[in-house]
Ligand SMILES: Nc1ncnc2c1ncn2[C@@H]1O[C@H](COP(=O)(O)OP(=O)(O)O)[C@@H](O)[C@H]1O
Ligand SMILES: [Mg+2]
């Protein structure tokens, strides 16, 4: 067994590079990371540093170029798309930065979709309950175009939780929201972390959100390091998606080695 039962996610010497014309871009330098079941982890770092690339590989949406990634005991790096899609359906919730709701489905249908794909018999009841939990119990028949950005993000959160994922990955879950909606969304995530024991792996520019996680790591030009200072950061900073402030600044890249 490659990982013990307390570890839900384990990454060993993981790299990602892509070929761009005649150049090879190294997006992720060898990364080692272990996340315990029930833990909350924030991945911070400047724009273009590789956070989304890493999150996609951890969630089994993309493959590493080398190295290992285990989710529970599934060796995702050895799995094909079909096998990874099975693991995602069983164990993973994902909140994308752009929500990615299906416009032709109502809020309730969007939430129910993963449960239906996983053949869960109680999709309707669970879908209704989750929509109520994110404060949208009366909006189930509305289409995404009839909902505000914050409401769409709440639908995306309800959808991410419907299959009772062991791990919830969220890419900038509060990045497109105003401050008070962002705080409400974060409350929901941590409530679910506490109530259901869902492991949270969040990519965020929002220092307050990062500070609420038990652990923080910093991505800098594809290199991942632990950050022990974040909890001391002033919580006065505002949430500004493409800017890094305060203590984060010292981790900012001075040279953009992968270009943009
Ligand atoms: N498939 C790809 N081909 C070429 N460049 C890519 C690809 N995916 C990501 N990148 C580049 O890799 C870098 C890291 O991207 P990303 O992981 O999205 O960063 P972050 O989420 O931290 O902003 C960026 O410079 C981006 O342009
Ligand atoms: Mg990103």
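Some observations on this one:
- The residue that is nearest to residue 55 (Cα to Cα), counting only those in the stretch 156-174 that are part of a loop (DSSP other than H, G, I, E, B) and within 16 Å of ligand 1 (Cβ to nearest atom), is 172.
- Residues in the stretch 7-38 that are surrounded by fewer than 14 Cβ atoms within 10 Å (Cβ to Cβ) and within 20 Å of the chain's Cα centre (by Cα): 32 alone.
- Long-range neighbours under 7 Å by Cβ, at least six apart or interchain, first residue in contact (Cβ under 8 Å) with a residue 60 or more places away in the chain within the stretch 47-66, second in a helix (DSSP H, G or I) and more than 12 Å from ligand 1 (Cβ to nearest atom): 59/88
- Only one of 54, 41 that is more than 13 Å from ligand 2 (Cβ to nearest atom), under 14 Å from the mean Cα position of the chain (by Cα) and within 23 Å of residue 226 (Cα to Cα): 41
- Number of the exception - residue 18 against (1) assigned to a loop (DSSP other than H, G, I, E, B); (2) over 25 Å from residue 193 (Cα atoms): (1)
- Some residue of the stretch 2-22 being in contact with a strand residue (DSSP E or B) (Cβ under 7 Å, 6 or more places away or on another chain), at positive phi and in contact (Cβ under 8 Å) with a residue 12 or more places away in the chain: yes
- Evaluation of residue 173 against (1) over 26 Å from residue 136 (Cα atoms); (2) in contact with a strand residue (DSSP E or B) (Cβ under 7 Å, 6 or more places away or on another chain); (3) at pLDDT below 90 (one fails), failing number: (1)
- Residues satisfying the stated conditions in the stretch 175-223, i.e. under 16 Å from the mean Cα position of the chain (by Cα), closer than 22 Å to residue 46 by Cβ and assigned to a strand (DSSP E or B): 200, 201, 202, 203, 215, 216, 217, 218, 219
- Among the candidates 97, 83, residue that is within 16 Å of ligand 2 (Cβ to nearest atom), in contact with a strand residue (DSSP E or B) (Cβ under 9 Å, 6 or more places away or on another chain) and not in a strand (DSSP E or B): 97
- Condition met for residue 152 (over 20 Å from residue 41 (Cβ atoms) and at pLDDT below 95): yes
The values are calculated or read from the model by the stated rules, or taken from the named source; none is laboratory data. The structure presented is a predicted model; accordingly, all values stated were derived computationally and were not measured. FYI the Cβ positions are ideal-geometry reconstructions off the backbone, even for glycines, and counts take in every protein chain you see.
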